[in-house]
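Visitor: Quick one: structure below, then a few questions.
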Amino acid sequence: MRARYGIPLGITAAGAAGLLYAAGFEARSFRLRRVTVPVLPSGMRPLRVLQVSDIHMVGGQRKKQRWLRSLAGLRPDFVINTGDNLSDPEGVPEVLDALGPLMEFPGAYVFGSNDYYGPRLRNPARYLVEKVQGRHGLNGNPPVVDAVHNPWEDLRDGFDSAGWLNLTNTRGTLKVEGTSIELTGLDDPHIKRDRYAEVAGGPSSGADFSMGVVHAPYLRALDAFAADGYPLILAGHTHGGQLCIPFYGALVTNCDLDTDRVKGLSTHTAEGRRSYLHVSAGCGTSRYTPVRFACPPEATLLTLVGR
């Protein structure tokens, strides 16, 4: 009996232990990533930018809410929210409560697909199939039928009332201690809501610094920002791969970005121009896959310094 069943039982036990770790510990092991990015004009004072992304709030996630509130202690110059705040149609009040202390600071946001629509139960293997076939979200896939519509308007109204800039296919400007920061944003390319033509033209000459903001780092969006001369692009969406292989990394990005740039700081070049790209691994998961492995949840404090 031992010879026949010992190995399968051992594999089952190891799998159960891994699942327990991924769901019970790592998915709630929140981290702060600190990154220095040399993008500011010479002589400009450093700027501290807090990026939060992919919160995917579900009712009752008290530890996540406490951790998000604690980030206000970092005292950033401004906050950028790169979308997917919801994974529960009832989660808007808890998102606004958790981000309340951060909304005391200047900020801006874009939405992701999960802000607009509720999550659906999916076989995780489909992400690998879509990667091979080059289909992600509504990019090559048929339209979603019977989608649950989230109350994103309530989320928008809460952010707007706090003074955060809505960057949905538009530009906005923050003033931080006399410094003019231009932000150019896109709606989510994952569900084909991005309209770069409405914001094209590159940084304004009157801004001290300009950057691009988008939820899902699809190459068409990154190419457009980089070609237009934005020195920095912030994005989320990928969850850092969410389920990664130790010493190897992510298997998928859930978009057409390569896995080498699934999270953290990298660069992107288009038409001979290079931009820095920061992709947040985010701090949440879909309510139907509440696990992370070798990819802890995070927010990022970016310190922008002179080139």
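Readers should treat all values here as calculations from the given coordinates under stated rules, not as data from a laboratory. Keep in mind the model is a prediction, meaning the values are calculated, not measured. Every residue, glycine as well, gets a Cβ built from its backbone with ideal geometry; the counts of neighbours run over all protein chains shown.
Visitor: Be a star and scan the range 271-300 for residues whose amide nitrogen sits under 17 Å from the point 7 Å along the Cα-to-Cβ vector of Ser70.
Guide: Only 283-284, 296-300 pass the distance filter.
Visitor: Each label point is 7 Å from the Cα along the Cα-to-Cβ direction; what then is the distance between the points at Thr259 and Arg122, in nm?
Guide: The answer from the label model is 1.7 nm.
Visitor: For Glu198 and Leu301, compute 0.36 nm times the residue count separating them, minus their Cα-Cα distance, and round to one decimal in nm.
Guide: Result for the pair: 34.1 nm of gain on full extension.
Visitor: Label point 7 Å out from Ser161 along Cα-to-Cβ: which residues of the range 76-119 have amide N under 12 Å?
Guide: Only 93, 96-97 pass the distance filter.
Visitor: Here is a further query. Counting only DSSP beta bridges with both residues in the chain, tell me the antiparallel percent, nearest 5.
Guide: 40
Visitor: Run the helix sum for the chain: -39,500 (n - 2.57) per DSSP H stretch of 4+ residues, divided by residue count, reported at 222 nm to the nearest 500 deg cm²/dmol.
Guide: -7000 deg cm²/dmol
Visitor: By the scheme Lys and Arg +1, Asp and Glu -1, what is the net charge of all other residues having a beta-carbon under 11 Å from that of Phe111?
Guide: Around Phe111, the charge tally is -3.
Visitor: Once you place label points 7 Å from the Cα toward the Cβ at Ala147 and Glu90, how far apart are they in nm?
Guide: 2.3
Visitor: So which chymotrypsin sites (Phe, Trp or Tyr not before Pro) in the range 270-307 are both in a DSSP loop and have at most 10 other Cβ atoms within 10 Å of their Cβ?
Guide: Listed in order of number, the matching sites amount to none.
Visitor: Using the Kyte-Doolittle scale, which helices in the chain average at least -1.0 and also have C-alpha atoms spread 20 Å or more along the helix axis, with helices defined as whole DSSP H runs?
Guide: 2-24
Visitor: Using the Cα centre of the chain as the reference point, and only Cβ charges (+1 on K/R, -1 on D/E), how large is the resulting charge dipole? Debye, rounded to the nearest 20.
Guide: For the chain, the charge dipole is close to 1260 debye.
Visitor: Considering amide H positions built from the backbone, and no H for Pro or chain starts, which residues 5 or more places from Val37, or on another chain, come under 5 Å of its amide H?
Guide: Excluding prolines and chain starts, which carry no amide H, the hits are Thr303, Leu304, Val305.
Visitor: Would you kindly derive the ³J(HN,Hα) couplings of the range 29-46 from the backbone phi angles with the Karplus curve 6.51 cos²θ - 1.76 cosθ + 1.60 (θ = phi - 60°), listing them in order in whole Hz, with x for Gly and Pro?
Guide: 9, 6, 10, 10, 8, 10, 9, 10, 10, x, 10, 7, x, 4, x, 7, 5, x
Visitor: Please give the length that would be gained between Asp154 and Phe247 if that part of the chain were fully extended, namely 0.36 nm times their separation in residues minus their C-alpha to C-alpha distance (nm, one decimal).
Guide: Between Asp154 and Phe247, full extension yields an extra 29.3 nm.
Visitor: In the chain, once you exclude exposed GluC sites (Glu not before Pro) (DSSP loop, at most 14 other Cβ within 10 angstrom), what's the longest stretch remaining?
Guide: Result, exposed sites excluded: 178-270.
Visitor: How high is the relative contact order of the chain, in percent, counting Cα pairs under 8 Å that sit 6 or more residues apart?
Guide: 27
Visitor: Out of all DSSP beta bridges in the range 177-307, what portion is antiparallel? Express it as a percent rounded to 5.
Guide: In the range 177-307, DSSP labels about 40 percent of beta bridges as antiparallel.
Visitor: Less than 18 Å apart at the alpha-carbon level, and either on another chain or at least 8 residues along: which aspartates and glutamates does that give for Lys64?
Guide: Glu26, Asp54, Asp84, Asp88, Glu90, Glu94, Asp97, Asp115, Glu298
Visitor: Checking the cross-link filter: which lysines have an alpha carbon closer than 19 Å to that of Lys263, excluding same-chain neighbours under 8 positions apart?
Guide: Cα-Cα hits under 19 Å: Lys131.
Visitor: Follow-up. In whole angstrom, how far apart do the alpha carbon centroids of the range 189-238 and the range 255-307 sit?
Guide: Each part's Cα centre sits 15 Å from the other's.
Visitor: Still on this model: If amide hydrogens are placed 1.01 Å from N in the peptide plane, which non-local residues have theirs closer than 5 Å to the one on Phe293?
Guide: Correct list: Leu243, Cys244.
Visitor: Taking θ as phi - 60°, what are the ³J(HN,Hα) couplings along the range 261-270 by the Karplus curve (6.51, -1.76, 1.60), each to the nearest whole Hz, with x for Gly and Pro?
Guide: Going residue by residue, I get 10, 5, 7, x, 8, 8, 10, 9, 10, 8 Hz, with x marking Gly and Pro.
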